[in-house]
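Derivation of every value follows stated rules applied to the coordinates shown; laboratory data play no part. Owing to the predicted nature of the structure, the values given are computational and were not obtained by experimental measurement. Neighbour counts run over all protein chains shown; Cβ positions are idealised from the backbone, glycine included.
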Amino acid sequence: MKTSGFLYAALLSLGFFACGVDDLPPNIQFPNDAIYTSKFMGDSIHVMIDFTDNEALNQYKIDIHSNHDGHNHGKPQDALEKWDTLIIGSLSGTADAIDFYIPVPMGYLPGPYHFTVFCLDKNGNETTNNFQLIFKDATDTIPPTVVLQTPSSNASLSTPFVVSANISDQLSNGNSASELNRVELILENISSEEEFEVADYNAVQLGSSLSLYDPATGVLNLSNLSIPSAAAAGNYRLRLLVFDAYFNLGVAEVPVVLP
């Protein structure tokens, strides 16, 4: 993720220095939940944000950038670039607000993006809120269907173990689709809700071996999987997350036991 270091540099150039008297950060509030939702490329994000501070506000920054996690992506979007934008504005008084639209351009890579809001007061105190946006492509808005075959419900897992699933997908026009972008396997402790990552495969890995994923049949086979060492004995959900080439997410899960 990008940092906000340039904000402090900008403040220094304006002569703002923390005086040591005010150490309370400003507050950021969102009157609506528009930025939490998925958006299509070509849509606009309605940004409505309220800022408050105990003494004096100074500046806000909105940073939208890719959160594709460094993975390679499906073949339909190999030529597309990731979108990013940076908006900086001034604030004043102890309460201020912004209300405007940010257009989402066409022709960029759909998928997960971070929407990060920074707020700085006159004494250099900073508050940050970060949300994840999913930008979609109208070519495909349908998530893949994922059916877990192995393990069975309430199976006892030990290292090594195997996960197999059948995956089917289609484009918005009804034509079948076979490309996958990413597959994640997660164990979630039912009592504590703590999550442990078991496996994570990107598009290149999935496309390089038919024994791992066969797009002709939709069969996914993950073998030689290990129980994370930090996962204690107990009842878990084994969750399989499958992203298609346009970053639509299909999920399947099954209860399992770690003895």
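Here the chain is assigned +1 on the Cβ of each Lys and Arg and -1 on the Cβ of each Asp and Glu. Its dipole about the Cα centre then comes out at about 520 debye.
Order these by the 10 Å Cβ neighbour count, fewest first: Ser178, Ser226. It would help to have the intermediate numbers written out before the result.
Values: Ser178 19, Ser226 11.
The most exposed by this proxy come first: Ser226, Ser178.
The candidate values are [x] 28, 22, 17; [y] 41, 24, 15; [z] 25, 22, 18; the one derived from this structure for semi-axes √(5λ) of the Cα gyration tensor in Å carries the label [y]. Considering only Ser192, Asn224, Leu240, the residue lying farthest towards the positive end of the dipole of the chain is Asn224, judged by Cα position with unit charges set on Cβ.
Fewest neighbouring Cβ atoms within 10 Å first, the residues Glu179, Glu197 line up as Glu197, Glu179.
The distance between label points at Asn166 and Glu253 comes to 2.3 nm (points 7 Å beyond Cα on the Cα→Cβ vector). Each Lys or Arg adds one and each Asp or Glu takes one away; over the other residues whose Cβ falls under 14 Å from the Cβ of Gly218, this sums to -4.
Say R0 is 22 Å: what FRET efficiency, to the nearest 0.05, do Thr145 and Ser223 get from their beta-carbon distance?
0.50
Using C-alpha pairs under 8 Å with a sequence gap of at least 6, the mean separation divided by the residue count of the chain gives a relative contact order of 20 percent. Computed 3J(HN,Hα) for the stretch 211-222, one whole-Hz value per residue from the Karplus formula 6.51 cos²θ - 1.76 cosθ + 1.60 where θ = phi - 60°, is 6, 8, 8, 10, x, 5, 9, x, 8, 10, 10, 10, glycine and proline marked x. For Phe243, Phe115, Phe131, the sequence from fewest to most other C-beta atoms within 10 Å is Phe131, Phe115, Phe243. Averaging the Cα positions of each part gives two centres, and for the stretch 218-257 and the stretch 129-200 these lie 7 Å apart.
Lysine pairs in the chain whose alpha-carbon atoms fall under 19 angstrom of each other, counting only those eight or more residues apart or on distinct chains, come to 7. Rounded to the nearest Hz, the phi-derived 3J(HN,Hα) couplings of the stretch 187-197 under the Karplus curve 6.51 cos²θ - 1.76 cosθ + 1.60 (θ = phi - 60°) are 9, 10, 5, 5, 6, 8, 6, 6, 10, 10, 6, where x marks glycine and proline. Taking every alpha-carbon pair under 8 Å whose residues sit at least 6 apart, the stretch 145-258 reaches a relative contact order of 36 percent. Taking a point 7 Å from the Cα of Ser44 along the Cα-to-Cβ direction, the residues of the stretch 103-142 with backbone N closer than 16 Å to it are 103-106.
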